[in-house]
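Every number here is computed from the coordinates shown, using simple stated rules; none is lab data. Fair warning: this is a prediction, and the values are worked out from it, not measured in the lab. Backbone-built Cβ (ideal geometry, glycine too); neighbour counts: all protein chains shown.
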Amino acid sequence: MESDGNCIHLLREVLERRFWLDLDQEAVLMGAHGLLNVCKGLFIGLKTGRREYVREVLRSFQLYHRLDRLMEMELSLMYDILYTKATVIRTWYGCCIRITALVATVAAFLLFQFSDKHGHNRKDVAITYVLLVGALFLEMASLMRAVVSTWTLALLYHKKWPRLYDELRNFRRYLKAARHRRWSGSLGQYNLLLSTAGDAVLQPMSGMWMAKKLGLDHMVESWWDELHHSQSVQLLDSTKELVLGEILEMANGSMEIGSQPGLLTLKRLGLSEILYLYLGWSIQDIGFEDSIMAWHVATEICLFSDRSNKVDLRDAVNVLSNYMMFLLVLRPYMLPGPVRRSRYVQFRRDLYEVMQRANGASAKDRLNWALHTGFHADMRSFDRPANYDTGVKLGDVLSRRPNRLEVIFGVWVEMLCYVANHCSRESHARQLSGGGELLTIVWLMARHANLS
């Protein structure tokens with residue numbers, strides 16, 4: 001592991017060159033190498049003090065809209081360490097093994113080339129040539145990949161061989177070798193209101209009686225939700241930058257990021273004491289799954305009535321709201337504490353009753369009717385309180401505020417940090433093997449912000 005002094009020196013050089021390199025992907029990747037010691041410490045649970053230089057690095061990368069790339073490339077380096085032979089190849093015995101394997105393959109090819117093949121079947125000889133040439137090609141390709149890898153570039157820097165370092169860096173920049181190190185950006189989505197409106201149109205619940213008799217109703221519902229109602233979207237760079245920038249802003253407070261699911265945002269935005277107590281109740285005085293569903297309903301109400309031109313913020317709020325519902329419904333094992341599915345079932349049943357009363361040929365028509373009329377009509381009736389009442393009241397209060405989108409976005413980001421903070425380090429490491437997850441990026445960013 002490189003010393004902190006070397007890493008700080010590397011980060012300083014990256015930041016000094018940013019004015020004419022504009023922090024291209026190679027520069028961002030070297031910045032990730034500079035923060036790799038911090039990242040390793042987080043994954044192994046190492047207790048460290050504050051590192052003031054981390055904040056300067058994060059602010060600089062945010063200025064050039066490269067904060068999301070920095071986090072993604074840090075995690076890609078951690079993937080190399082955890083799931084590839086990158087750390088072995090960089091050692092002296094790893095280099096010896098690599099060179100020995102290539103020499104042995106060349107020797108085998110030459111011995112076979114100059115050996116007497118009299119009496120051997122021509123097909124067998126041809127197959128042997130193909131295998132030896134293939135093995136030789138693979139060994140040479142593997143050696144070349146190791147030579148031009150980002151790990152070699154970092155090694156040349158730490159060994160203070162500037163000329164070789166500059167040549168290799170320029171060669172990698174020409175090949176655009178760092179572009180494959182970014183997260184795919186695929187994000188699960190589940191809109192509870194739209195899915196219940198769709199079910200009210202298709203009425204699949206009428207065929208659930210057989211599944212209930214067999215005790216398979218929960219399994220069938222989960223299968224139906226994942227197959228028919230969930231989807232994956234490509235997370236926009238603007239949304240990633242907004243999320244990570246919001247986490248960086250949270251670091252100005254005294255509370256640790258991820259310790260509370262939303263209260264830090266309410267305090268930071270300077271809400272009145274009465275409003276803070278009301279909104280805080282919807283976060284800390286009810287179960288976490290109820291809080292997610294209430295804020296999901298409130299988000300839909302506010303987005304329905306919002307006429308602002310904050311397009312990026314609207315998209316970010318919508319994506320995070322649907323992502324948190326996706327985690328609750330289809331990935332409950334990633335949420336902190338035992339998740340009571342019964343609360344979701346009751347909540348969904350009440351929403352389904354509202355959507356059934358709507359007169360609309362499509363799910364979107366029924367949802368628009370519920371947001372415009374149905375929810376508020378139920379609130380004024382004398383019927384039993386519905387499970388979604390908290391979300392409707394919350395949406396009414398928030399929709400009157402000019403900064404409603406900022407409040408909702410901040411709460412969703414903090415809830416995301418809360419979930420990420422309560423996932424185990426082993427869980428985050430496993431996510432890397434599956435291509436990565438937004439939760440892991442948020443966790444890493446929150447940890448960096450707390451350190452700074």
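Placing unit charges on C-beta atoms (Lys and Arg positive, Asp and Glu negative, everything else neutral), compute the dipole magnitude of the chain about its Cα centre in debye, rounded to 20. Display every interim value, and only then the final one.
On the way: 54 positive and 47 negative charges, 206 e Å.
Its charge dipole is roughly 980 debye.
Going by how many other beta carbons lie within 10 Å of each one, how would you line up Asp237, Asp80, fewest first?
Asp237, Asp80
So what's the net charge close to Ala294: Lys and Arg +1, Asp and Glu -1, counting the other residues with Cβ under 14 Å from its Cβ? Spell out each step's value before the answer.
On the way: positive: Arg343, Arg348, Lys393; negative: Asp285, Glu289, Asp290, Glu300, Asp350, Asp389, Asp396.
Net of charged neighbours comes to -4.
Which is farthest toward the positive dipole end of the chain among Val125, Leu164, Thr196, measuring Cα position about the Cα centre, with Cβ charges +1 (Lys, Arg) and -1 (Asp, Glu)?
So the residue furthest toward the plus end is Val125.
Using the count of nearby Cβ atoms within 10 Å as a rough guide to exposure, how do Trp183, Trp369, Trp295 rank from fewest to most? Don't skip to the end; give the middle numbers.
Values: Trp183 21, Trp369 18, Trp295 28.
Ranked by crowding around the Cβ, least crowded first: Trp369, Trp183, Trp295.
Could you sort 124-130, 297-303 so that the peptide with the highest average Cβ count within 10 Å comes first and the rest follow in order? Could you put the intermediate results ahead of the total?
Working: 124-130: 11.6, 297-303: 24.9.
Put in order of decreasing packing, that is 297-303, 124-130.
Report, in degrees rounded to the nearest 10, the 0 to 90 angle that the Cα long axis of helix 67-83 makes with the longest principal axis of the chain.
Orientation of helix 67-83: about 60 degrees from the principal axis.
For each of Val411, Val243, Val106, count neighbouring Cβ atoms within 10 Å of the residue's Cβ, then give the residues from fewest to most.
Working: Val411 28, Val243 25, Val106 15.
Fewest-to-most ranking of Val411, Val243, Val106: Val106, Val243, Val411.
What is the angle, in °, between the Cα long axis of helix 25-34 and the longest principal axis of the Cα atoms in the chain? Nearest 10 is fine, range 0 to 90.
It is inclined by approximately 90 degrees.
Name the residue from Gly258, Trp151, Thr105 whose Cα lies farthest towards the positive end of the charge dipole of the chain, charges +1 on Cβ of Lys and Arg and -1 on Cβ of Asp and Glu.
Of the candidates, Thr105 comes out farthest on the positive side.
Using packing as a proxy for protection, rank 87-96, 284-293 so that the peptide with the highest average count of other Cβ atoms within 10 Å comes first. It would help to have the intermediate numbers written out before the result.
Values: 87-96: 12.5, 284-293: 18.4.
Ranking, from highest mean packing down: 284-293, 87-96.
Using only Cα atoms, tell me the angle between helix 341-357 and the longest principal axis of the chain; keep it within 0 to 90° and round to the nearest 10.
Roughly 60 degrees between the two axes.
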